[in-house]
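Readers should treat all values here as calculations from the given coordinates under stated rules, not as data from a laboratory. The structure displayed is predicted, hence computed values, not measured ones. Heads up, the Cβs are rebuilt from the backbone with ideal geometry, glycines too, and the neighbour counts pull from every protein chain shown.
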Amino acid sequence: MSFYELLQQVASNPELHARWLNTLSFMENAGARKISACEHETEVDIIQLKHAAEEHRHAYYLKKQISKIDPALCPDYHADHLLAPVATRQYLHRLDILACKYLLQHFELDRKALKYAAYLFVTYAIEVRADELYPVYQQVLTEQGHKVMVKSIILEEAGHLEEMIQQLQRFSPVWEEYAAAVAAIEQTLFNQWIERLQQEVKPVYA
């Protein structure tokens, strides 16, 4: 089953769709919290603040979209209200840990510098993923005539990706080599996450 086909099934079932939106909201919120956790005590630039604020807003926006399906569904991030809750909760955390291990092998970084480098490379990988995920989701929403929309998120995530590339260019002249490696780590985790989602969705249509 392709990712597009998975989203077709999810979006055509109200309960699954609400849990999917809640799952995306959870991940956007987790991303925002990780960005904030990577902040230096004093050396925080406006781009980092902007990213954290916009990721929090995405989490809020996605949460509000659930009311277009059923306001009573998914009031919080409890496991019963998420799709593949264990894999979902581990996704960003594992990416962060594995990216840090990789970066330590290639750069001499103290703890603070490592946190910032991880912010750059992990956020880049997540923005690349968002740049692929949300347009497919919006295509499904449009085809099925849903009131739910994610077009505004698509525009902002594209802007985030451009900003991360600019920051990575300042970090290292050969940033693309390292970014590709972190993106490959993310791809493996994403594939595992999608596999868990498919396992949850399949019984509904069996």
Quick one: in the stretch 99-116, which of the residues that are outside any helix (DSSP H, G or I) and in contact with a helix residue (DSSP H, G or I) (Cβ under 9 Å, 6 or more places away or on another chain) is farthest from ALA37 (Cα to Cα)? PHE107
Checked against (1) more than 17 Å from the chain's Cα centre (by Cα); (2) exposed (fewer than 13 other Cβ atoms within 10 Å of the Cβ); (3) within 22 Å of GLU15 (Cα to Cα), VAL86 satisfies every condition except (1)
If TYR77 satisfies all but one of (1) touching a helix residue (DSSP H, G or I) at 6+ places or on another chain (Cβ under 7 Å); (2) of a type outside the set (A, V, I, L, M, F, W, C); (3) surrounded by fewer than 17 Cβ atoms within 10 Å (Cβ to Cβ); (4) part of a loop (DSSP other than H, G, I, E, B), what's the number of the condition it fails? (3)
Can you pull out the residues in the stretch 158-206 that are closer than 30 Å to GLU108 by Cβ, of a type in the set (Gly, Ala, Ser) and in a helix (DSSP H, G or I)? ALA179, ALA180, ALA181, ALA183, ALA184
Odd one out for LEU155 among (1) in a helix (DSSP H, G or I); (2) in contact with a helix residue (DSSP H, G or I) (Cβ under 9 Å, 6 or more places away or on another chain); (3) under 20 Å from GLU28 (Cβ atoms): (2)
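Which one of these is more than 21 Å from ARG19 (Cβ to Cβ), among the polar types (S, T, N, Q) and over 16 Å from the mean Cα position of the chain (by Cα): GLN139, GLN169, GLN187, GLN144? It would help to see each step written out before you state the result.
Values: GLN139 fails: more than 21 Å from ARG19 (Cβ to Cβ); GLN187 fails: over 16 Å from the mean Cα position of the chain (by Cα); GLN144 fails: more than 21 Å from ARG19 (Cβ to Cβ).
One residue alone meets the criteria, GLN169.
Can you tell me which residue in the stretch 1-25 is farthest from ALA79 (Cα to Cα), limited to those that are touching a helix residue (DSSP H, G or I) at 6+ places or on another chain (Cβ under 7 Å) and outside any helix (DSSP H, G or I)?
Per the stated criteria, the residue is MET1.
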